[in-house]
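Reading through the structure tokens given below for one structure.
The values are calculated or read from the model by the stated rules, or taken from the named source; none is laboratory data. Just so it is clear, the model here is predicted, and its values are computed rather than measured. Because the Cβ atoms are built from the backbone with ideal geometry, glycine has one as well, and the counts that use them run over all protein chains shown. In case anyone asks, the SASA skips ligands and DNA or RNA and just uses the protein heavy atoms, side chains included. Shrake-Rupley method; radii C 1.70, N 1.55, O 1.52, S 1.80 Å.
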Amino acid sequence: MTDSAYQKCINPACGAEFDCGQTLFKCPACGELLDIRYNWDKTEVPGELNEFARRWANRDNPLDFSGVWRFRELLNFCEDKYKVTIGEGQTILQQNDAVAEYVDMQPGCLYLQYEGLNPSGSFKDNGMAAAFSHAKMVGATSCACASTGNTSASVALYAHHCNLKCTVFIGSGRIAFGKLSQGMDYGAQTIQIRGDFDDCMRQVQDVCAKLGLYLLNSLNPFRLEGQKTIMYRIIEGLGWQVPDWIIVPGGNLGNSSAFGKAFAELKQLGLIKQIPRMAIINATGADTLTELVNNKKLTWNAGKVQQAIIDSFYADLTARNFSPHTCASAIEISRPVNLKKCLRAIHICNGVVRAVTDEEICDAKAIIGKYGLGCEPASAATIAGLKHLRAEGIIAGDERIVCVLTGHPLKDPNLTVNYHKEKQGKFSNPPIEAPNDFDEIVKLIK
Ligand code: F0G
């Protein structure tokens, strides 16, 4: 443990503090979410962000090679001996003019941050590097998570690496095949619950409390510390400048929460001058955040969030027996656990929230596949959302935009094959049936 970090309840009326040696996940005093806070004067934080670039020269040091721990002074909650890395965060920021044209942005203005290039194929590995380091620090031997698929894949991979026993809870029939295959292959015990992600999330919290398992969902504040580094790498990719906007899909709202915290800290430390704006994109079939923020006008309100609005919204979901549905199964979530931290991030980043249809998601995904490196459906919600925000005039065509592509295209091959083969969308590219005949085949080649 270092004395430079501690845990603190986000509820200003409580504000209870705990040391980082404790395994809590929620404030034991009031039940709210916990943050990791830093005594910055006890850490040697570089005077300028570009000083981190020096670490590229030491790629034989695993902590310098890691795209998470390369920025370790900005998440200084444990000693180096506990730090876990499997080479996460070697991701790229790609400028993409063809996708820019699709969303009516000027050339040179749109960037795609490919988090699918992580070892388990999604952004989750950033968070797991940090959370498993905490798990090692507190001596955990067994861990669990609920998941729409990517968390389970990432947890299973890191648990195996750290020698922890691992159980993952998934909603039966609710996760993409690539992700299901990873959990099994990496040796996790997979519990398929007859329910959706929100049911799994409730169960895993109770099971972890009862059996003393280490919880790896984004309720775990150490995970979000690792996810902050996605923003540092974007700034790095832009030559140590901040973009005008970050666009991110919204599911359990861990990323948006982590990104807002990252920017608030960088500003506080004087490492950036301007905080970018953020757009969080839901799928219309799982749009709790959109409903609460845009229609019910829920805000952070200096931490005094109007709980009654949330309670009545959730009571209505329960009364209607509502279960979320979207082809972007990664974000098929109706009770996001990080809702309040996300409201704080919206406040920090002057954020906006939008919801996009499954059809818009699938078309955007096909465009990212055709002109970029591809992504899974949830990630494509960012481009679909950007198209809305351009049409509304909220984002100008010459602003600098970064869309976070959270997962790899091979995570959900079924959706991709169906889109193309069944000619489901505007950009379908189906295979052509051909006889086993040379001349006929030659005639078909365009
Ligand atoms: N994109 C992908 C590919 C995801 O897997 C997830 C979440 C999100 C976006 C949403 O991120 O929760 O930070 O708002 N997947 C979780 C899981 C819920 O279990 O794999 P968020």
| query | Taking only DSSP H segments of four or more residues, each worth -39500 (n - 2.57), what value at 222 nm results for the chain once the sum is divided by all its residues, to the nearest 500 deg cm²/dmol? | reply | -11000 deg cm²/dmol
| When the accessible area of region 285-376 is split by element with a 1.4 Å probe, what percent falls to carbon and sulfur? | 51 percent
| request: Hey, can you find the accessible area per residue of the chain for me, probe 1.4 Å, expressed in square angstrom? | output: 41 Å²
| remark: By the C-alpha gyration tensor axes a ≥ b ≥ c (rounded if a/c is under 1.5, else prolate when a/b exceeds b/c, else oblate), the shape of the chain is rounded
| message | Distance between the C-alpha centers of region 144-161 and region 299-354? Whole Å please. | response | 24 Å
| task | Show the residues, 5+ positions off or on another chain, whose built amide H is closer than 5 Å to the amide H of Glu32. | result | Cys27
| Using alpha carbons only, how many degrees (0 to 90, rounded to 10) separate the axis of helix 377-391 from the longest principal axis of the chain? | 80 degrees
| said: Amide H of Gln90 versus every other amide H placed in the peptide plane: which residues, excluding those fewer than 5 positions away on the same chain, fall under 5 Å? | reply: Gly67
| note | Label model pair Glu433, Asp185: point-to-point distance (7 angstrom along the Cα→beta-carbon line) in nm is 3.2 nm
| query | Taking the chain as a Gaussian network, Cα atoms linked when under 10 Å apart, which of Lys297, Lys370, Lys426 shows the biggest mean-square fluctuation? | reply | Lys297
| note | For 73-86, 353-366, 29-42, ranked highest to lowest by mean beta-carbon neighbours within 10 Å, the order is 353-366, 73-86, 29-42
| So, by mean Cβ neighbours within 10 angstrom, what's the order for 106-119, 319-332, 388-401 with the highest one leading? | 106-119, 319-332, 388-401
| query | Which whole-Hz ³J(HN,Hα) couplings does region 79-96 yield from phi under the Karplus relation 6.51 cos²θ - 1.76 cosθ + 1.60, θ = phi - 60°, glycine and proline marked x? | reply | 6, 4, 5, 8, 5, 10, 8, 10, x, 5, x, 8, 10, 10, 9, 10, 6, 9
| Given H placed on each backbone N at 1.01 Å, which residues far from Cys166 in sequence or on other chains put an amide H within less than 5 Å of it? | Cys143, Gln189
| Reachable lysines, given that their alpha-carbon falls under 27 Å from the alpha-carbon of Lys365 and they are not under 8 places away in the same chain | Lys124, Lys179, Lys228, Lys387, Lys411, Lys421, Lys423, Lys426, Lys446
| note | In whole Hz, the Karplus estimates of ³J(HN,Hα) for region 306-314 (6.51, -1.76, 1.60; θ = phi - 60°; x where Gly or Pro) are 6, 4, 4, 5, 5, 4, 6, 5, 5
| task | Give the residues of region 297-328 whose amide nitrogen is closer than 20 Å to a point set 7 Å from the Cα of Ala16 in the direction of its Cβ. | result | 303-305, 307
